[in-house]
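The values are calculated or read from the model by the stated rules, or taken from the named source; none is laboratory data. This one's a predicted model, so the numbers in the text were calculated from it and none came from an experiment. In this analysis, Cβ positions are derived from the backbone assuming ideal geometry, glycine residues included, and neighbour counts consider all displayed protein chains.
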């Protein structure tokens with residue numbers, strides 16, 4: 001089963017993401033990090049995340065931008081700076097559609113930028129399409 005790491009501090013958005021996975025009947029191990037710092041711990045296998053069987057490296061990361069502590073942009077920079085993670089697909093999901101946020105995400109190496117719709121049904125559809133694409137249709141980087 002493939003793993004998606006969702007980095008999101010808003011409990012309502014976490015709920016709707018979980019609902020989207022269930023409604024689209026995705027066979028996905030959805031892991032949640034509530035802050036960018038927690039996501040770094042998860043991806044590093046530190047603290048509560050040392051057991052890789054229980055907390056496998058994700059196949060894709062979906063992160064909000066504006067969070068307490070390390071922002072989504074900072075998390076993205078951190079991921080791209082690590083040799084073992086630099087090819088990991090990272091999708092930015094934000095309510096911001098300001099050019100500065102979008103362009104900065106791509107400048108830092110985001111694979112995709114998704115505007116977080118206000119309507120919950122649209123959010124579920126957007127997330128469902130994104131996860132299906134990145135886990136089913138996309139060919140991931142291959143070991144050399």
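Residue 51 falls short on exactly one of the conditions (1) at pLDDT 95 or above; (2) surrounded by 17 or more Cβ atoms within 10 Å (Cβ to Cβ), and that condition is (2).
Here 67, 92, 118 are screened, and the one residue that is touching a residue at least 12 places away in the same chain (Cβ under 8 Å), at negative phi, buried (at least 19 other Cβ atoms within 10 Å of the Cβ) and assigned to a loop (DSSP other than H, G, I, E, B) is 67. Among all residues of segment 121-131, there is none that is touching a strand residue (DSSP E or B) at 6+ places or on another chain (Cβ under 9 Å) and over 29 Å from residue 25 (Cβ atoms).
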